[in-house]
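The values are calculated or read from the model by the stated rules, or taken from the named source; none is laboratory data. These numbers come from a predicted model, not from an experiment. Please note: Cβ atoms are built from the backbone with ideal geometry, for glycine as well, and neighbour counts cover all protein chains shown. Note: accessible area is taken over every heavy atom of the protein model, side chains too, but ligands, DNA and RNA are not part of it. Shrake-Rupley method; radii C 1.70, N 1.55, O 1.52, S 1.80 Å.
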Amino acid sequence: MNIRTFSRIGLFACAVLAAPTAWCGEKPPMVAFSNHARLVMSVPVPANLVHNFGQGWTQLVFVRPDGAAVRLFSEDPLSANGGIVFSVPRDDAVSADGRYVVIDLVRSGVLDAGDGKPTVTGRQYCPILDTATGCVARDDTGDVCGGKWDAKQSAWLDVVGTGEAQPMTTLPRPTAKDIWTQYSSSKAGGIKGYLDVVHGIDNLKACDPPTANNARYYAAIENALGPATHPPRQAIPAAGTASQNPEQPHQQQILTVKSERAWLYAEPSVGSSHRGYLIRGDQVVVIGNDDSGWLHIRYERVGKPSIEAWLQQRDATQ
């Protein structure tokens, strides 16, 4: 399978992450691929959180074939309120050619519905990592995680649903043009929320490497991520022309929840208390944002008072 799992690489993992020595003796596991790429898991779930979230690892680093290292899925770190827990990939998680691997992770959260009895919910996800580029191009959940690799080609078989195979060559990947187009046409939220959906700027560059053709989109994205609290949004000009489209005035808009379960928070922070959750298809009115990936929303309920709370922008769409 072109995959090997090691357990005695504490020094390597500590060097990659510059982490404190408290976990260096835990001997984090590493998965090595035939192209010299590696996955390094580190920082086990703290003892006080194991009861809620189970055993596993809270940080995952991908080391590219050229030796460059990047942390994956850093946008949702584990805390007392939930986050991501990684498990060591199974032996059958690697494609036939050894290039692609299915990462095993669970996203969990603690729900306080107001009855004083918080409950923990978790959902398995099965993102696919291209070990040649470092691109995480898919982050499906549910029945899709019950699939398997085709024995002869790099294609993922949906054995639970349609039974069809999806070749990795046809797997949609995020692009800088798509991210900028979505952001510049929206009237709410900062660009960080759009980047979080595709697992950050580093993953975007891995999926859509900067070239002369997309350089102007990356320049606009980097500018929007700059120090300005409310960076101007302008349409990307055609090559050789100047941008002439100023930002449109902010307007309230209605968004639709796209996540299976979208947590609501008292403040724009995953560390704040929960206000319940919404499900896919629910509609909310945007009443504000903090320009860092959070939306201040109002959810109207028939026959009941409306709810105002904070929602992560990655959980909603137009």
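Residues in the range 273-287 that are modelled with pLDDT of 80 or more and under 26 Å from Ser79 (Cα atoms): Leu278 alone.
So, in the range 131-147, of the ones that are among the hydrophobic types (A, V, I, L, M, F, W, C) and assigned to a strand (DSSP E or B), which residue ends up modelled with the lowest pLDDT?
Checking each candidate, the answer is Ala137.
Within the range 80-101, the set of residues being more than 20 Å from Gln312 (Cβ to Cβ) and out of contact with any Leu (no Cβ under 8 Å at 6 or more places or on another chain) comprises Val88, Arg90, Asp91, Asp92, Ala93, Val94, Ser95, Ala96, Asp97, Gly98, Arg99.
Would you be able to say whether some residue in the range 92-107 is modelled with pLDDT of 80 or more, among the basic types (Lys, Arg) and open to solvent by less than 60 Å² (accessible area, probe 1.4 Å)? Taking every residue of the range 92-107 in turn, at least one turns out to be modelled with pLDDT of 80 or more, among the basic types (Lys, Arg) and open to solvent by less than 60 Å² (accessible area, probe 1.4 Å). Applying the criterion of being touching a His at 6+ places or on another chain (Cβ under 9 Å), part of a loop (DSSP other than H, G, I, E, B) and not small (Gly, Ala, Ser) to the residues of the range 57-91, the residue that is least open to solvent (accessible area, probe 1.4 Å) is Phe73.
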